[in-house]
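Down below is the structure, laid out as structure tokens.
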């Protein structure tokens, strides 16, 4: 029986490259993005999903209703605002947390009951949310929300420790993406989106049996 993967946050950067990797596999991949997309080869199932919507959980549940089992779930979605702390508006803080944390929790509420016994959930966080690392001005909303995602990983791993599936969190360092350009204009990262997607893809498929409830830094540079 073929396996099923969900990539949440696939409109650009790492998520987009992840979907390309799944398109070359025998795994049924469902890609969720905030922009309409299509697959010329009919291999990937693309779905529009607005993570800021008040009923995103209901939308996601309806889209995935016919899928009985999830083998791999990658929550790659992210929202960033780069602003001095005292200048942040309530809406900017709420939008960042809604995409990076609240939507993740709501969608996982749908995913977890359908996870395969040997399934793997991978949450994509940031080195900015990894305790003890260097922090940067202007990223308080983004980095604290990513720290919450790391904590969520540990909490869910404990709550569902007898369920069989694994859940882990990868805290990424700098990767050459549009989001990096927003945070650090002109900075040149050591890794491309394609390279990091390849790492995440391999980790998702092969490392669930080695890690459970772990917060893993994936970085060779600062930022």
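Every number in this text was worked out from the coordinates using simple rules, so none of it is lab data. Model, not experiment: these values are computed from the prediction. Glycine also receives a Cβ, built like all others from the backbone with ideal geometry; neighbour counts cover every protein chain displayed.
Quick rundown of the values:
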quantity: Cα gyration tensor shape for region 1-80, rounded if a/c is under 1.5, else prolate or oblate; calculated: oblate
quantity: Cα centroid separation - region 164-223 against region 80-95, whole Å; calculated: 24
quantity: Computed FRET value (nearest 0.05) for residue 85 with residue 105, which takes r as the C-beta separation and R₀ as 30 Å; calculated: 0.75
quantity: Helix 193-206 vs. the chain, principal-axis angle (Cα, 0 to 90°, nearest 10); calculated: 50
quantity: Degrees, to the nearest 10: 13-23 long Cα axis against longest axis of the chain; calculated: 20
quantity: With Cα atoms, 0 to 90° folded angle of helix 140-159 axis to the chain main axis; calculated: 40
quantity: Rg(Cα)/(2.2 N^0.38 Å) for region 67-140, N = residue count; calculated: 1.36
